[in-house]
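This report refers to the structure that appears directly beneath it.
The numbers here are math on the coordinates, done by the rules we state, and not lab data. Because the structure is a prediction, the values reported are computed rather than measured. FYI the Cβ positions are ideal-geometry reconstructions off the backbone, even for glycines, and counts take in every protein chain you see.
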Amino acid sequence: MQASGDTTIGGAPAIPTRQYLDQTVVPILLQALGALAKERPPNPIDYLANYLLKEKERFANPTPPQQQQQQQQQQTNESSH
């Protein structure tokens, strides 16, 4: 992670950290924390870990955020020519 708050992975274009998290983990974390608050299990960390593993396919992002940004930039470049 760079000091500017941008994320660079494998030389891919940087996207803001907040955008990366919002696109990848925030939706499932919100659901998981809601379920955790409702259930109030005796071992919340285990519950949270199991919830994330069980539900991850429902929240799978088919296109990584860096690839989405590249596609958007490419479309913008193509439309400006």
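In nm, to one decimal, how far is the Ala37 label point from the Arg18 one, both placed 7 Å along Cα→Cβ?
Spacing of the two 7 Å Cα→Cβ label points: 2.1 nm.
Report the label-to-label distance for Val25 and Arg58 in nanometres (one decimal), using points 7 Å from each Cα along the Cα→Cβ vector.
Each label point is offset 7 Å from its Cα along the Cβ direction, giving 1.9 nm.
Taking the Kirkwood radius as the inverse of the mean 1/r across Cα pairs, report the Rg/Rh of the stretch 15-62.
My calculation puts Rg/Rh at 1.03.
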